[in-house]
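This report concerns only the one structure given below.
The values are calculated or read from the model by the stated rules, or taken from the named source; none is laboratory data. Not measured: the values here are computed from a predicted model. All Cβ positions, even for glycine, are placed from backbone atoms using ideal geometry, and neighbour counts span all protein chains on display.
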Amino acid sequence: MAVSKRALNPRLRRLTTVGVAGAVALSLSACAESQRDGGGDGGGSSSGGGTFTFGAAGAPALFDPFYASDGETFRVARQIFQGLVTFEPGGVDVVPELATGWESSDDGLEWTFTLQEGVSFHDGTPFDADAVCYNFERWYTQEGAGQSEALSYYWKQNFGGFSDGATPSLYESCSVDDEHTATVTLTRATGKFPSLLGLPAFSMQSPTALEEYSANDVRAEGDSFVFSEYAREHPTGTGPFVFSSYDEGNGTIELTRNEEYWDEDGKANIERLIFRIIPDETARKQELQSGGIDGYDLPNPADYQQLRDEGFQVEVRAPFNILYLGISQKDNPALRDLRVRQALAHAINREGLVSSTLPDGAEVATQLYPDSVEGWSADVRTYDYDPERAEELLAEAGHEDLTVDFWWPTEVTRPYLPDPQGIFNAISQDLEAVGITVNAVSRPWAGGYIEESNQGNAPLFLLGWTGDYNTADNFLGSFFSSTEGQFYTGESDWGQQLADDLAAADSEPDEEIRAGLYEEINENLMSEWLPAIPISHSPPAIVVAEHVEGLVTSPLTAEEFNTITVE
Amino acid sequence: MLRYTVRRLGQLMLVVLALSVLLFAWLRALPGGPVSALLGDRATPESEAALRADLGLDQPIFLQYWRFVARALTGDFGTSTGVQRGTPALDVFLQRFPATLELAVLAILIAIAVGIPLGYLAARRRGRLLDNLSITWSLVGIAVPVFFLAFLLKWIFAVQLGWLPASGRQTGGIDATRVTGFYVLDGLLTQEWDAALDAFVHLLLPAIALSTIPFAVIFRITRAAVLDVLDEDYVRTARSKGLAGAVIRRRHVLRNAMLPVVTTIGLQTGALLSGAVLTERVFNIPGLGQALALGFERKDFPVLQVVILASAMTYVLVNLLVDLSYAAIDPRIRTR
Amino acid sequence: MAIGTSRKERIDSLAESSASETGVSLAASAWRRLRRNPVFLVGASIIGLFVLLALLAPVLAPHDPGVRMLADQVSRATNSIPPAQEGHPFGGDQHGRDLFSRVLLGSQQTLLVAVLATVIGLGGGLTLGTLAGAFGGWVDSLVMRIVDVMLSVPSLLLAVSIGALFSSQTQFTVILAVAIVQIPVFARLLRGTMLAQRESDHVLAARSLGVRQRSIVFRHMLPNALGPVIVQSTLVLAVAIIDAAALSFLGLGAADDSVPEWGQMLGNAQNVIDSHPHLAFWPAACIIVVALGFTLVGESLRDALDPKRRR
């Protein structure tokens, strides 16, 4: 090797190099034909519309919404898929979508849906009662990895078990009455049906495509999941946009308008819808400012004013979430004393906190969910900011020198928790002002915070919830059904009763009686039990450029982009 | 020579094996984990336990490692759980490697284009204004945190002036054919000139930000090497023989000074990857640096394993090649 | 970020300089040259001012840097941060704390991070390097294998990995992460100086006179290694400050920010950098100037000690 190198005449060597490089380039370009379709400037040129580019905070996990539980996947899925019901544009109440109407039997067990006629999936398969039952049966008969918490989270959360009967299921059967009528039978009455069918996870998908691309073929391999061809490349729904491509290298997802959309009024105005994945929040803002995207979700509240000044439209949604100061009953015995918990509630200046650390439109919370949800009570006991009262209560309880570990998360922002550190600082100074010794404990969100707080190991902690749909159970049930979760209510003498009351309220079929039951629970929660101190409801915002019109915002962050027009 | 190569390759395998064991154990020792990252505020104790079992994370670690190795031998390194969920980890690496390499290559090219001429001129005008100015510049370049410089460049040239794009590799939804994954190269090969230009323009700001460190090194090495060579006997001889200045410079000074410079350039990989973690974040480039940062945040074990192992292997291989070429030139090294 | 990953070669060439002369005369001649070097003088004055500032900061700072005294002027809704006002020349930060006091007192923690990281890195490197250099043989091979593997991982990645290992991030974990990255650098440097000296004239002379091995190591080899170690330490002081800032930028800085540190202040200001650039400007300017100071001194020391550059 060394010899041959030296033997070569320098000029010859240079020639050889050029020759080799040229040959490589040639052979590469031989197999590198441009795949553009003649048109030139890309894209078709049918009935106008243009392109809307949206900055997404993360990559969707997959395109089959049934196996998903994250916002980024759902955002894309909402444009491609539709459910039997949906949430009214701009609100949280359930309205018809692929079903034009429904009726339930008096016991709340049988639900008959009348279906929209003349609808077909993107692949041409007609949408009918068979397709509806096919979807229900597909969800119910999941096996193996398909039953994993990470995949069929929403099914397990709402319907419970599967056809193997290992755990009881809310779902019993689905029957085809005629081409456009289907009946779903449940095993018990619940307040959350049919609202929950508006969740993207329960979207109607094309039976043909599900079969053809073996949609149920998910496997847990090693420490990760492997998804089906359907979920990665062939999502097929009835919605106003059709999946076109996912360019992973460039981090972009492209959808195109469904030209055969069944509802002429709902047909998309824009021709192409592009999602660009930009994980860093500051990068999203600057990309909007420089014109690379037309909008993004969850701008930092600190940026609202600046973005508005620069002509962008910051749309603040109605808040549909809760931030609370959680209290675990597990380890610190002082916190099992109601007077101590009430003292904490009086010690915190929530008005001050909301105005200094939360965005425009945020409200102080009086109970553990916002007033748009059933069973919200105007008569709950409230706790005004009153440091003196707090000190008195602590003295009464004999805990003047209370010391408590106060946990807060790093490496995260949530719509209800836009600035964990700022909120922690404010609350902790309030607590110290009434003589409580606060030991700050910070953990990364996925680096111990969730894990530890979920086992009740965090005596005081900041956490919250964003509603999936408009039922009280979606909030309270998630918090207190388990007596060994974050609040560890099993250690108190009222924890089991709270869980029982919640179960009883949820299975009450009559809407009015149910609302009354929840009002009672809320009143008890705030006066007798106080397992958490409600702090605030913060509105998540969405921002779009000046030239974008027709965006209808949703408190559930469930925007559909078919109504948008771009100049 | 052959025996030397075989021995070094054997050592390389051992290093990679040791690194994989360490990495595997160490990742699983991190607090929290993919389960928390996947479930977030929706986690309950039951769901966490169930998911941990689904992912096999409740099994003894040596068993997990054994399964990892067994599947890795068939080319299956697992599927991403957080960075690009559902994508095979190896694909995540293969998609992102070109992005980072493209950025690194342009950064090095900029560093060379500025560093070598400047180093040469500075050496020839040793102690004068130009020399002092460029030395100061290279030192300031080291003192400015890379991410701060990246922020400044982006804020001035993309956000305020709007001359260059603020982030990404190519305009979203551009109609470009993908061949190699190197977007500029792809555009050239398929003769989609606009796509190539678009990708190149996206690369400019991050590459300039990233080039400050290699620039400082290349500049100083060049300057020192040229100074050394200018002092060598044969240059003095050439000058005393009356050879024209330009000829001396081309034939003797530059060529001999290039040897250490070229070596240095080859060894910049590690520093560039460090810098890339920061620049890719500021400019939202879906490269290896971003995969690592997101991987740690979301505890994506498969992606972290592949990306770290592959980066280390690349780095070690480059070093091996450098050593081998030295060994070919200087036989004494082989016996060391 | 150690400068360039010709790291190994730079380290080795620095190490060789220890073999050229004996300590005293080297130091004396180096000092003679340094006194007249403007680069050194500028760098040294920056460092002097910085240390002075850190010492006097508690006296100079008008307020407690951890108290949110201007919190009522902070509003997320209107993105307002307390402006400059009487008693608060720089205004407040995003949590309503006095920015001027934070910048002043930030010098203390920053100095602490730099010094502790360097000391820990040096201590670790000294132990490993002396072991390897003094014993040679299989100890040497083993230690140097480990050192090379550590050097083969890009420095910031190593720091990030170490930082991520702790259950929660504090100032100390940041220091440790930055310090551990420097251990292999120092180890290789010290081992290099030992090797270079083993063959050098004065050690050969001592050995032929029958001086014991231990006494050679401690009386002759270690003192001579001092020059290169000082050079490298000065450079590492700068690197530590910058790396700590990078860790904060990546979200791995200390979670508790009641005690200010410049890198952390800069990292935490990234979200408000375009609406309130001064929050980033002050810590960034301080970091750049101080890092420049250490780099200037380090580079001029290197030039002064390196026989090849002494012309």
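Number of residues in the stretch A:380-408 that are among the hydrophobic types (A, V, I, L, M, F, W, C) and either within 14 Å of another protein chain (Cβ to nearest Cβ) or without any contact (Cβ under 8 Å) to a residue 40 or more places away in the chain (or both) equals 4. Quick check, is A:E233 surrounded by fewer than 16 Cβ atoms within 10 Å (Cβ to Cβ) and in contact with a helix residue (DSSP H, G or I) (Cβ under 8 Å, 6 or more places away or on another chain)? So A:E233 does not fit the description; no.
When A:V314 is tested against (1) more than 14 Å from chain B (Cβ to nearest Cβ); (2) not in a strand (DSSP E or B), only condition (2) is not met. Of all the listed residues (A:A446, A:A458, A:A499), the sole one being modelled with pLDDT of 90 or more and in a helix (DSSP H, G or I) is A:A499. Of the helices (runs of 4 or more DSSP H) entirely within the stretch B:25-121, those holding at least 2 residues that are surrounded by fewer than 20 Cβ atoms within 10 Å (Cβ to Cβ) and within 12 Å of chain A (Cβ to nearest Cβ) occupy B:45-54, B:61-73.
The single condition from (1) farther than 30 Å from C:A245 by Cβ; (2) surrounded by fewer than 20 Cβ atoms within 10 Å (Cβ to Cβ); (3) within 13 Å of chain A (Cβ to nearest Cβ); (4) in contact (Cβ under 8 Å) with a residue 12 or more places away in the chain that B:F200 fails is (3).
Just one of the listed residues (A:V340, A:V373) is in a helix (DSSP H, G or I) and either surrounded by fewer than 24 Cβ atoms within 10 Å (Cβ to Cβ) or touching a residue at least 40 places away in the same chain (Cβ under 8 Å) (or both), namely A:V340. C:G210 meets the conditions (1) part of a helix (DSSP H, G or I); (2) out of contact with any Pro (no Cβ under 7 Å at 6 or more places or on another chain) in every case but one. The failed one is (1). Tell me yes or no: at least one residue of the stretch C:77-85 is touching a His at 6+ places or on another chain (Cβ under 6 Å), under 30 Å from B:V277 (Cβ atoms) and surrounded by fewer than 24 Cβ atoms within 10 Å (Cβ to Cβ). There is at least one residue in the stretch C:77-85 that is touching a His at 6+ places or on another chain (Cβ under 6 Å), under 30 Å from B:V277 (Cβ atoms) and surrounded by fewer than 24 Cβ atoms within 10 Å (Cβ to Cβ). Within the stretch B:184-203, the residues that satisfy the criterion of being touching a Pro at 6+ places or on another chain (Cβ under 9 Å) and within 25 Å of A:G295 (Cα to Cα) are B:D198, B:V201, B:H202. Residue-level analysis places A:A378 among those that are more than 21 Å from A:L462 (Cα to Cα) and modelled with pLDDT of 90 or more. Pick from the stretch A:282-308 the residues that are modelled with pLDDT of 90 or more and assigned to a loop (DSSP other than H, G, I, E, B): which of them is farthest from the other protein chains (Cβ to nearest Cβ)? So, considering only residues that are modelled with pLDDT of 90 or more and assigned to a loop (DSSP other than H, G, I, E, B), the one farthest from the other protein chains (Cβ to nearest Cβ) is A:D294.
A:R276 fulfils the conditions (1) buried (at least 21 other Cβ atoms within 10 Å of the Cβ); (2) charged (D, E, K, R); (3) without any contact (Cβ under 8 Å) to a residue 40 or more places away in the chain except for a single criterion, (3).
Looking only at residues of the stretch C:235-260 that are farther than 24 Å from B:L273 by Cα and touching a Leu at 6+ places or on another chain (Cβ under 8 Å), we find that the one that is surrounded by the fewest Cβ atoms within 10 Å (Cβ to Cβ) is C:V259. If the condition is being under 18 Å from C:N37 (Cβ atoms) and either facing chain C (nearest Cβ under 10 Å) or crowded, with 17+ Cβ neighbours inside 10 Å (or both), then the stretch B:122-136 contributes B:A122, B:R126, B:D131, B:N132, B:S134, B:I135, B:T136. Within the stretch A:409-422, identify whether any single residue is surrounded by 23 or more Cβ atoms within 10 Å (Cβ to Cβ), among the polar types (S, T, N, Q) and at the interface with chain C (Cβ under 10 Å from one of its Cβ atoms), and answer yes or no. Scanning the stretch A:409-422, I find no residue that is surrounded by 23 or more Cβ atoms within 10 Å (Cβ to Cβ), among the polar types (S, T, N, Q) and at the interface with chain C (Cβ under 10 Å from one of its Cβ atoms), so the answer is no.
Checked against the criterion of being under 28 Å from B:S134 (Cα atoms), surrounded by fewer than 21 Cβ atoms within 10 Å (Cβ to Cβ) and more than 14 Å from chain A (Cβ to nearest Cβ), the stretch C:296-304 contains one or more residues that satisfy it.
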